[in-house]
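Student: Take this structure, written in structure tokens, and hold onto it; I'll ask about it next.
Here, each number is a calculation from the coordinates, and none is a lab measurement. This is a predicted model, so every value here is computed, not measured. Here the Cβ positions follow ideal geometry from the backbone for every residue, glycine too, while neighbour counts run over all protein chains shown.
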Amino acid sequence: MKRLPRNNNLKYPVIISLTLFHLSISAADETVVAEPDTVEEYDIISVTASRVERRTQDVAGSIDVIDAERIESEKMFNIKDAIQGSPGVLINSKNSAYDSRLIIRGAGQKANYGVREIMVIRDGVPMTDPDSFSRFDFIDTQDIERIEITKGPGSLFGAGSSGGTIQIISKSVFDTDSNRIKLGVGDFGQGNLHGRLAGDIDDSNAYSLTASYRKSDNDWREWNEFESKQLAFKHGYLLDNGATLESELSYHEADLQIPGSMDEYEFESYLESGEQKDTTSSPWQHSGRYSTIWFFNSRYEQEMGDLTLKPRIYANRWDHYHPVTGAINDNPGTLVLGTDLEMAYKHQLWGPSTLVAGVTARRDDTEGAKKFTYADVETSPPPPWNPMGPETILHTNSDEAGELLEEEDATNTLYGFFIQETLHPNRRTTLDIGFRYDRNHFDIDNTAYGEYSWGAGSYTFFDTPESTNTDKTFNLFSPKLGLTYELSNLLNLYTVIAQSGQVPSESEIQSNPKLDAATARNVEIGLKGRAQAWSFDLALYRTTVSDEIVSVLNEDLTTEFQNAGETLKKGLELSGRYDLNRHFWLEGSFAYSDYSFTDFEELVRTGRNQTPVDRSGNQLPFIPRQQYGLGMGYSHPAGFKAILRSNSWGSYYVDNANTEKYGGYDFVTNLLLSYQTGPHTLSLNVENLFDKLYALEVKKSTSGDKTFSAASPRSAMLSYTYNF
């Protein structure tokens with residue numbers, strides 16, 4: 001792939017971003033002298049940062065709101081479609097399905113699969129496990145009204161989430177004007193079918209029924225299919241006292257194949273052909289996740305004068321068949337029960353004030369989870385110097401389960417409370433003083449009958465089963481102090497100091513019981529502007545993470561997790577939009593991320609020994625110094641719309657030792673063309689318009705071996721929507 005000179009990677013987005021910033025400040029200077037009653041409000045209301053409705057301009061912290069217009073312009077196979085381009089947020093998907101690798105300000109970087117260290121919420125209900133693991137297989141991406149992203153520690157929602165919070169807000173059951181049928185077809189076997197029917201049963205009762213089906217063959221490479229079926233029923237009840245009760249019951253099936261990674265030679269072949277058809281060098285050719293989920297939640301809200309009550313209860317039961325590296329996980333069912341009891345009280349303390357407080361509780365129970373060998377594998381004979389040794393597994397031939405390796409029962413409980421006082425000492429000043437405490441307990445009973453031996457490349461079985469119990473508790477403290485000051489009707493200045501704890505995941509604790517919880521402390525200052533024709537957000541932050549949990553890729557390509565002494569994350573984020581006129585608009589975003597180990601000795605495994613190697617001063621891998629996006633759009637009153645968005649990642653190190661960089665990618669561009677007439681809408685979404693071939697992720701082991709995960713080539717989907 002032809003690349004621009006390195007200095008140009010930064011030059012153009014900075015010029016455009018600073019131009020947007022200059023236009024914003026200039027416009028602000030012109031309007032500061034206006035009379036108060038001539039100034040209008042141009043902002044979006046957020047409910048995530050403070051658990052009460054507040055303009056994003058008034059939030060002491062960095063927050064992005066992805067609105068309905070943006071969501072409707074995307075094909076929404078994945079939340080990546082809507083989130084990509086947000087500064088400080090790195091997101092990709094290996095097969096354009098529900099799977100996502102999501103990183104916010106460096107948090108989540110260590111996850112090999114799924115989302116870690118970031119709290120994901122849907123309609124106020126946590127989708128994230130107590131050990132910080134988030135799945136998106138039971139979120140219907142076709143039923144999303146908006147997405148709110150808060151960055152950094154300190155969220156009242158964020159139990160053990162140092163990176164921030166993502167809240168996905170679905171269409172309300174009381175919204176009876178969003179009924180539709182949507183059909184989509186595309187290349188690589190893409191298909192989409194979605195329907196929503198909502199209405200009033202009587203003056204007090206409303207309902208909605210949604211159904212979605214998504215599929216993709218992704219036949220540009222082997223073992224990369226995806227299929228999802230989702231059905232949800234919502235009920236809304238308006239009580240005589242003005243209270244509302246909203247409940248939902250949904251069922252989800254999701255089948256996801258996860259393709260194998262490539263070595264350097266195979267990746268070069270992919271760059272030449274644009275296809276990854278053959279079996280790669282990875283032994284694990286049949287990874288995947290096949291899950292079913294039942295999900296229920298109920299939310300009640302009542303205003304009683306100055307007091308508002310918002311209790312929530314939720315339950316879900318999920319199971320999965322999950323072939324991964326070395327073994328096949330078979331979980332027959334995890335039962336999740338939880339509640340979030342919240343209240344808000346308006347009063348006078350230091351000016352008009354609002355007190356938000358509540359308690360949370362959650363319990364995850366797993367019984368009879370098992371781990372199996374791969375039954376269908378191709379092996380090589382033992383080496384001549386050890387003719388009686390085991391045969392080495394070359395690659396899997398299917399995802400069929402073989403002999404039992406492990407059995408496990410696990411209970412994970414989370415209890416916490418939160419409180420925040422919002423004060424208005426004067427008309428221009430808002431002060432937030434908040435605190436959250438969470439207690440997270442792991443109780444894991446494991447019986448191992450064998451294991452996959454990385455040194456031998458085969459399975460070994462023990463003479464007698466090995467039983468272990470992991471019983472560990474983490475206490476997390478998350479204080480926050482935020483200040484917002486209104487410089488003018490259009491400009492707000494904010495500063496925030498916040499802390500969040502971060503627990504290890506269940507699998508990380510089992511592999512390294514000595515792991516401690518990490519602690520992230522953030523200091524941030526920012527400027528926000530809102531007007532009819534323009535908006536911008538500027539943030540400068542400095543985050544210190546003590547005992548950061550980092551991943552180490554060993555010479556045998558196994559991953560271990562260790563506590564780094566300390567990491568320092570410094571960054572700048574800038575985003576803006578400018579409407580040239582009623583039809584044309586421009587947008588831009590830029591993030592600069594300087595993340596380094598300030599105190600870290602990496603334990604490098606060589607054979608059976610581990611040698612400490614000082615990595616202090618090195619940059620964190622996979623995080624580019626520069627990330628930027630550009631966009632432009634055109635909307636005509638006759639119903640025609642065109643949107644062009646382009647995203648770029650700068651280069652990043654591929655290992656903790658900083659021995660080598662990957663060049664990232666430049667201007668990967670997506671296109672939307674749509675035409676609406678009456679209730680009919682026809683749209684064309686093209687991803688990777690210029691068919692750039694590059695790697696989503698590159699890793700390097702301590703022995704120098706590199707693995708590559710390829711990004712998807714150009715794909716297109718044609719969709720028809722009928723609104724009624």
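Student: Tell me, 453, 683 in order of fewest to most beta-carbon neighbours within 10 Å?
Tutor: By the 10 Å Cβ count, ascending: 453, 683.
Student: Going by C-beta contacts inside 10 Å, put 503, 496, 545 in order with the fewest on the left.
Tutor: 496, 545, 503
Student: Taking the Cα atoms only, what angle lies between the long axis of helix 264-273 and the longest principal axis of the chain, rounded to 10 degrees?
Tutor: 60 degrees
Student: I would also like to ask the following. What does the helix-only formula give at 222 nm for the chain: each DSSP H stretch with n ≥ 4 adding -39500 (n - 2.57), the total divided by the residues, and the result rounded to the nearest 500 deg cm²/dmol?
Tutor: Computed mean residue ellipticity for the chain: -2000 deg cm²/dmol.
Student: Pairs 110/151; 110/514; 570/706; 528/570: which exceed 21 Å Cα-Cα?
Tutor: Too far apart for the 21 Å limit: 570/706.
Student: Here's something else I'd like to know. Quick check: the angle from helix 6-31's long axis to the longest principal axis of the chain, C-alpha only, nearest 10 degrees?
Tutor: So the helix axis and the longest Cα principal axis differ by about 20 degrees.
Student: Counting only other residues whose beta carbon sits under 11 Å from that of residue 592, what net charge do I get with K and R as +1, D and E as -1?
Tutor: Around residue 592, the charge tally is 0.
Student: Using alpha carbons only, how many angstrom separate the centre of region 636-677 from the centre of region 273-316?
Tutor: That distance is 25 Å.
Student: Pick the calculated P(r) over Cα pairs in 20 Å bins from 0, in percent for this structure from [x] 15, 46, 32, 7, 0; [y] 16, 53, 28, 3, 0; [z] 11, 20, 21, 24, 19, 5, 0?
Tutor: Matching the structure shown: [y].
Student: Between residue 347 and residue 579, what FRET efficiency follows from the Cβ-Cβ distance if R0 is 30 Å, with the result rounded to 0.05?
Tutor: Once rounded, the FRET efficiency stands at 0.15.
Student: I've got another one for you. What is the order of 289, 55, fewest Cβ neighbours within 10 Å to most?
Tutor: Lowest count first: 55, 289.
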